[in-house]
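The values are calculated or read from the model by the stated rules, or taken from the named source; none is laboratory data. All figures in this text were calculated on a predicted structure; none of them were measured in a lab. All Cβ positions, glycine included, derive from the backbone under ideal geometry; neighbour counts span all protein chains shown.
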Amino acid sequence: MRLKDKIGIVTAAGSGMGRAGAIRFAREGASVGVVDVDAAGVAAVVKEIEAAGGKAKGIVADLRGDANARRIVRETANAFGGLDFVWNHLGHPAPASVEGIEMADFALAVDLNLRSQVVTTEAALPELRARGGGSLLYTASTSGLVGSQFSPVYSMVKFGVVGFVRALAKRVAKDGIRVNAICPGATDTPMLRVFVARPDQQSTLGRDPEELVRQRAGQNAMGRPGRPEEMANAALFLISDEASFITGAALPVDGGTTA
């Protein structure tokens, strides 16, 4: 078991990649704080983990609130006796267009993609140091490595995630804490359907949502969307001790999109 006796948190764990990660980490021996704003999604993931013999604590939290972003760390550490890793997976697609942008939408994108990550990290660092080190993982995007014409604001915040990861990795390496990011390409999740439903993408690619998904996925070298489980596999590797000499990395998991 690659995470035997480890304790961790997965945010946005009620569906998609986060759900796949929480289930996979528990299967590998971790006790997992399952965090999402969707109470039903949290309950379903916890039920699945426990039915398979794993350990999980469901935490319903809106991480736009700083108190909640700190609370998920406290509740997980109290439930299981410490903290070894956090997968800061929470994200938001952000406004599609700069022209006519509503600043409230911009603020929400910043809060969910950047601010919540920083606040949760602030709370997690003392817990990780108390355990002699650990792993922080963030979900960026291929749009955080190369600019996206469809999502300039999303690129902006995801470039910010990658920059934060690279800088923080240097700052906390002395504490035995590794800091990395995964950069998914088009992945078959609910958020991908939010992206392709935008008016500017529909005018470029077509109208049928599922056809839009296929067209976006077909732009990578492998010609298909990623699966949530494939992102979870990459996350598992970076969190585990198998990646013990990897920090400050932003790993594309994108079917060759950025190749």
Elements of type strands (runs of 3 or more DSSP E) in region 1-87, at least 1 residues being surrounded by fewer than 17 Cβ atoms within 10 Å (Cβ to Cβ)
55-60
What's the total number of residues in region 29-58 that are touching a strand residue (DSSP E or B) at 6+ places or on another chain (Cβ under 8 Å) and either under 18 Å from Lys6 (Cα atoms) or among the small types (Gly, Ala, Ser) (or both)?
16
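Can you confirm whether Arg178 is within 21 Å of Thr76 (Cβ to Cβ), touching a residue at least 40 places away in the same chain (Cβ under 8 Å) and in contact with a Ser or Thr (Cβ under 6 Å, 6 or more places away or on another chain)? Spell out how you get there, then give the answer.
On the way: within 21 Å of Thr76 (Cβ to Cβ): yes; touching a residue at least 40 places away in the same chain (Cβ under 8 Å): yes; in contact with a Ser or Thr (Cβ under 6 Å, 6 or more places away or on another chain): yes.
So Arg178 passes the test.
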Condition first: assigned by TED's automatic domain parsing to the domain that holds Gly65, more than 18 Å from Thr258 (Cα to Cα) and either among the aromatic types (Phe, Trp, Tyr) or surrounded by fewer than 21 Cβ atoms within 10 Å (Cβ to Cβ) (or both). Can you find one or more residues in region 134-150 that meet it?
yes
If we scan region 88-101, do we find a residue that is modelled with pLDDT of 95 or more and either of a type in the set (Asp, Glu) or surrounded by fewer than 20 Cβ atoms within 10 Å (Cβ to Cβ) (or both)?
no
Select, from Val162, Val172, Val157, the only residue that is in contact with a Gly (Cβ under 6 Å, 6 or more places away or on another chain), at pLDDT 95 or above, part of a helix (DSSP H, G or I) and buried (at least 19 other Cβ atoms within 10 Å of the Cβ).
Val162
